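The structure appears right after this line, and notes come after that.
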Amino acid sequence: MIALCTYGDVYPSPFATAGYHLAGAEVPVAVSDGTVVIDAVLFRPNRNIILAGEAKSGTNVEEIQARRYGQLKPDQVVIAASLIIREVGDRHLQPLYVCLVESLERVLQGLGRSGLACPVLAVGEDSIEHHAAPFTDQDLQTAFADPLAVPGPPPRIIPVDDESPDAAFDVLVLPALVATLSHQRSQVSVLALAEQALPHLVVFGTRARNRLLAKIDLAARRAAERDPATFEYLRRTGTRDHAVVRFVRSPEEAARQGRTQVYQSIARVAGKPVRRRRTPSVDQMALFDDLIEELQQAHEVPEDSETISDEGEEGK
Amino acid sequence: MNRATLADDFALSTRRAPWKTFVLEAHAGDDVADALNDVFGPGRVRDTDDVHLHEVVDDVNFVVDHLDDRFWSLHTTAPTSVAAPFLKGIVESRRDLDWMWLPSDHLRGVWPGVSPQWLATDFTSGRLTPPTDEVADLKLRVRGRAAESVLQLVESKYSKAVSFSGVAINVADDDLGSVAEAISRDGRFVATGDDFGLHQTVVRRVVDRYRGFVEAVEQRALRWIQFPDGGAQPVGAPLVLRFGRSIPDLGLFLEQLFSAREPFRLWGIPQMAGDDFAEVEAVDLHVGQQLRFDVTPDWLRVYLFEGGCGNTLARLASNLQHHFDGALSIVDPEIDVLLKQHAR
């Protein structure tokens, strides 16, 4: 949903084109029987139209949640998301559900049971299709009249939340450790690690944030177990509010070539190499490269094995 | 030592040997003198009459002009073969200093109305792609008034393999005088002439054009504005580099791009999320910052986060121009204009 409002990407942005901007994410709003946390608030200021978006990665609609979306009043969202109203006149609000195309039927059934009539966008690998109720904004109705082609996956502005699987945190925590390591620090707390690994942490409420911190803590522990030559996990104590990861070695202490190799070894320990398609003529061309290199040896700077380029980087 | 004596030194020294100005991008904080002491070591940095000029007395002597507190000019008359490796050692060992990484078009037209007298292009696909490309390596040096026209001819057929790495121009002004300048894509200026002010103006124009690009990129960095009662508004967006050619072997490309090697120095473990799509949580080891990438054969999406340095994207774009696609563009038209701007 955020992607559909992101300007300047390869992914289409029909909401941005219609004049909407993303005004908030994970915005809690109190309704008569509880609270609903709106995944994305989209706002069209020149018409005072608010879309309260719920993004479903799974198949099930929570009926209570859907009913609460139906209870939302525009001005509640204006206040909760600190919207700036510049045009005099009524404010309008419409809920919007976005789901994966394979979950569409279940989502439509769930919305039917809850009595919420709202537009539903079904996201597939190649296109996005509009189902269920029409958009009250005629520009959006037109924008989604035909399936909207998409060139690939949308931007990952919020790559994980507190319900994401543990493995999703491993791929975020290790780069955060490596970034800290490159600054030659001796250790990093799990809290600092979480802020580094999850730039969107501030989006979440306290309970979700604590669950995210716990997941980061576990991921840090796993990173240290996988690579004890580089990381040591020190658990929380009476005098230490958060666990800490201590750096056993620093690539930055090595000479240039050794430094690159240490960074590469951290990646090797952590992950499988990317699947690689073989190009049949590579070996033959490598032989050709050797011949050219031999021919030019008298004139060229020796090859620097530390560069992407086969010939070094301009002799810098 | 002040700017007047520096100008005298320029006029005197360039009769014997060219003047060199290296531009470094610095994140030094408020006290530049302290930062210089940290960079070069205590006792090697001397004050001058001007608070924005410092002398460095080391294996190579420099005068550091930090009137622009982000893009420092390091002036020296030492040979480039000595000064460049010295600075390279310093830049590589720090996270708060970097080179300028001029996009190809920034070198195409440096001064309005002045045609280059010499142009260099340098395209080396190296390890990013299998060496079976239509043009895997292309290095050209063209000297003379028609230098630009010659390269335009090559570019009309092989634009993806044309990426400017150096330019030389003669700039003359009735009031200011004249300078001859040779400029490299990493912000190295070699000059001779009779007016230091004109030399500095040439440097400043190149830096300002580059700064415009880098700062616009930084304004796109993703950040979150928290609401008082929960939730937040995201500001900024990732930037997408669109290639003029498809990546022939995505696995090989990713393996090399995120191998922590020069010149990209990107560390990451690509996760294939389909045959033609990879997600990478990466670290820019030049500055020690975390980045996120989505990569397909036809485009690459870069997420820069709050506090991230625009130089990171400039470095990536410039190096991809030299090692993969000299004709790449940025999908966001406002940033693309700044990537491709040059004086006419």
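Among the residues examined, A:Gln196 does not qualify as part of a loop (DSSP other than H, G, I, E, B), within 14 Å of another protein chain (Cβ to nearest Cβ) and touching a helix residue (DSSP H, G or I) at 6+ places or on another chain (Cβ under 6 Å).
Being at pLDDT below 95, within 18 Å of the chain's Cα centre (by Cα) and under 20 Å from B:Leu339 (Cα atoms): is that true of B:Phe264 here? Talk me through it step by step, then tell me what you get.
Working: at pLDDT below 95: yes; within 18 Å of the chain's Cα centre (by Cα): yes; under 20 Å from B:Leu339 (Cα atoms): yes.
For B:Phe264, the condition - at pLDDT below 95, within 18 Å of the chain's Cα centre (by Cα) and under 20 Å from B:Leu339 (Cα atoms) - is met.
Select from segment A:244-274 the residues that are more than 25 Å from the chain's Cα centre (by Cα) and in a loop (DSSP other than H, G, I, E, B) and write down the one among them that is farthest from B:Arg94 (Cα to Cα). Here the residue is A:Val248. For segment B:204-244, the set of residues classified as surrounded by 19 or more Cβ atoms within 10 Å (Cβ to Cβ), of a type in the set (Phe, Trp, Tyr) and more than 9 Å from chain A (Cβ to nearest Cβ) consists of B:Tyr210, B:Phe213, listed by residue number. Among the residues of segment A:182-229, just one is over 19 Å from B:Arg292 (Cα atoms), at pLDDT below 95 and of a type in the set (Val, Ile, Thr), namely A:Thr206.
Conditions (1) aliphatic (A, V, I, L, M); (2) free of Cβ contacts under 8 Å to residues at least 24 places away in the same chain; (3) in a helix (DSSP H, G or I); (4) more than 27 Å from A:Pro155 (Cβ to Cβ), marked per residue:
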residue	(1), (2), (3), (4)
A:Val78	yes, no, yes, no
A:Leu83	yes, no, no, no
A:Val88	yes, yes, no, yes
A:Leu93	yes, no, no, no
A:Ser103	no, no, yes, no
A:Arg106	no, no, yes, no
A:Phe135	no, no, no, no
A:Asp139	no, no, yes, no
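When you look at A:Arg278, is it crowded, with 19+ Cβ neighbours inside 10 Å, modelled with pLDDT under 90 and charged (D, E, K, R), yes or no? No; evaluated as a whole, the condition is false for this residue. Here is the figure for segment A:18-72: residues that are within 14 Å of another protein chain (Cβ to nearest Cβ) and touching a residue at least 60 places away in the same chain (Cβ under 8 Å) total 5. For A:Asp39, the conditions (1) in a strand (DSSP E or B); (2) modelled with pLDDT under 90 are fulfilled apart from (2). When B:Trp101 is tested against the conditions (1) within 30 Å of B:Thr5 (Cβ to Cβ); (2) outside any strand (DSSP E or B); (3) under 19 Å from the mean Cα position of the chain (by Cα), the lone failure is (1). The single condition from (1) closer than 27 Å to A:Ala81 by Cβ; (2) within 10 Å of chain B (Cβ to nearest Cβ); (3) assigned to a loop (DSSP other than H, G, I, E, B) that A:Asp162 fails is (2).
Kindly evaluate B:Ala28 against the criterion of being in contact (Cβ under 8 Å) with a residue 60 or more places away in the chain and over 22 Å from B:Phe196 (Cα atoms). It is true that B:Ala28 is in contact (Cβ under 8 Å) with a residue 60 or more places away in the chain and over 22 Å from B:Phe196 (Cα atoms). Among the conditions (1) more than 8 Å from chain B (Cβ to nearest Cβ); (2) at pLDDT below 95; (3) touching a Lys or Arg at 6+ places or on another chain (Cβ under 8 Å), A:Ala270 misses just one, which is (1). In a residue-by-residue description of segment A:48-61, the property of being at pLDDT below 95, over 18 Å from A:Asp161 (Cβ atoms) and of a type outside the set (Phe, Trp, Tyr) applies to no position.
Residues in segment B:304-323 that are of a type in the set (Phe, Trp, Tyr) and closer than 13 Å to B:Pro263 by Cα: none.
Considering only residues that are more than 29 Å from B:Arg127 (Cβ to Cβ) and of a type in the set (Lys, Arg), which ones fall in segment B:215-257?
Keep residues of segment B:215-257 that are more than 29 Å from B:Arg127 (Cβ to Cβ), which gives B:215-216, B:218-237.
Result: B:Arg220, B:Arg223.
If the condition is being in a helix (DSSP H, G or I), more than 27 Å from B:Thr312 (Cα to Cα) and hydrophobic (A, V, I, L, M, F, W, C), then segment B:177-229 contributes B:Phe196, B:Leu198. Does segment A:78-90 contain any residue that is in contact with a strand residue (DSSP E or B) (Cβ under 6 Å, 6 or more places away or on another chain) and not aliphatic (A, V, I, L, M)? No, there is no match, as no residue in segment A:78-90 is in contact with a strand residue (DSSP E or B) (Cβ under 6 Å, 6 or more places away or on another chain) and not aliphatic (A, V, I, L, M). Among the residues of segment A:83-92, are any touching a Ser or Thr at 6+ places or on another chain (Cβ under 8 Å) and more than 14 Å from every other protein chain (Cβ to nearest Cβ)? Yes, segment A:83-92 contains a residue that is touching a Ser or Thr at 6+ places or on another chain (Cβ under 8 Å) and more than 14 Å from every other protein chain (Cβ to nearest Cβ).
The values are calculated or read from the model by the stated rules, or taken from the named source; none is laboratory data. All of these numbers come straight from a predicted model, not from anything done at the bench. We place every Cβ from the backbone using ideal geometry, glycine too, and count neighbours over all the protein chains shown.
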